[in-house]
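One structure is given below, encoded as structure tokens.
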Amino acid sequence: MSPLFPPEPIIFDVPDADIRYYPNFFDSVTADKTFGELLPEIPWQQDNITVFGKTHPQPRLTALFGDGKPYSYSGITMQPHPWNSLLQSIKIKVSEISDTNFTSVLLNWYRDGKDSNGWHADNEKELGINPVIASLSFGAVRSFQLKHNTDKSQRLNLTLEHGSLLLMQGATQHFWKHQIPKTAKPIGARINLTFRVIR
């Protein structure tokens, strides 16, 4: 499993953030193989989430792997599975490019365009100040939107491609929110791996 090193990132010139995108972090053959292994091997779960007082099934499936510490967000507390060999090998590559020793990975399975992830920031206390979030994409291409918390003129709309890596670091999570919106387009499944350090 070898990304094309040294990959050249696209760096976005926006305030209060450090956002870098690597379109071909994994070549298409490796990305295809990884997607095919992740889909059946991961113990996917669908938790209920409460938004504005209403509880409903989360519009995607998730799984957490890591060094033993749970992760909580939006009223959900996830217990980690131990690292498997595939996720360990991916973590090594992602840690190398980001210079970060990640302790967990949250996986998201977007089954089709109806699955989504609403506006939020990865700013939970257990992630600490200025967390590094490394987000890998496998499968269908999805739109990834970001908006600044106070400056409404600052927005980004990225296209996350198969085998790509998005790095969000510095103050990004304190000043920006992001989402994967629903789409009416007939698209296939996407698996997203978000590596993080739980302190």
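Read the figures in this text as sums done on the coordinates, not as results from a lab. Please read these numbers as outputs of a predicted model, since none were measured by experiment. Cβ placement follows ideal geometry from the backbone for every residue including glycine, while neighbour counts extend to all protein chains displayed.
One way to sum up the overall shape of segment 6-54 is the equivalent ellipsoid from its Cα gyration tensor, whose semi-axes run 29, 26, 6 Å, largest first. Taken over segment 67-188, the ratio of Cα radius of gyration to 2.2 N^0.38 Å equals 1.09.
Taking 0.36 nm per residue of sequence separation and removing the Cα-Cα distance, the ILE187/SER28 pair yields an extension gain of 55.4 nm.
Normalised by the number of residues in the chain, the average gap of Cα pairs under 8 Å and 6 or more apart makes the relative contact order 28 percent. Label sites at HIS120 and ILE92, each approximated as a point 7 angstrom past Cα along Cα to Cβ, lie 3.1 nm apart.
Extension gain, GLN179 to SER85: 0.36 nm times the residue separation minus the Cα-Cα distance gives 30.9 nm. Computed over the chain with a Gaussian network model linking Cα atoms closer than 10 Å, the most mobile of PRO15, PRO186, PRO43 is PRO186. With springs only between Cα atoms under 10 Å apart, run a GNM on the chain and tell me which of ASP32, ASP47, ASP13 wobbles the most. The residue that fluctuates most here is ASP13. Given segment 1-100 reduced to its alpha-carbon atoms as identical point scatterers, what log10 I(q)/I(0) does the Debye formula return at q = 0.11, 0.12, 0.18, 0.19 Å⁻¹? The Debye formula, applied to the Cα set alone, gives -0.50, -0.59, -1.11, -1.15.
Hydrodynamic estimate: the Kirkwood radius of segment 119-195 over Cα pairs, inserted into Stokes-Einstein at 37 °C and 0.692 mPa s, corresponds to D of 246 µm²/s.
Largest GNM mean-square fluctuation across ASP16, ASP115, ASP99, computed for the chain with C-alpha springs under 10 Å, falls on ASP99. Helix content alone sets the calculated 222 nm mean residue ellipticity of the chain: runs of n ≥ 4 DSSP H residues at -39500 (n - 2.57) each, divided across all residues, give -5000 deg cm²/dmol.
If r is the Cβ-Cβ distance from GLU37 to THR150 and R0 is 41 Å, what FRET efficiency results, to the nearest 0.05? Calculated transfer efficiency: 0.45. The stretch between LYS54 and ILE129, if pulled fully straight at 0.36 nm per residue, gains 23.9 nm over its current Cα-Cα span.
As a length-normalised measure over Cα pairs under 8 Å and 6 or more apart, the relative contact order of segment 23-87 settles at 22 percent.
Summary of the geometry: segment 145-199 and segment 47-76, compared by the centres of their Cα atoms, lie 18 Å apart.
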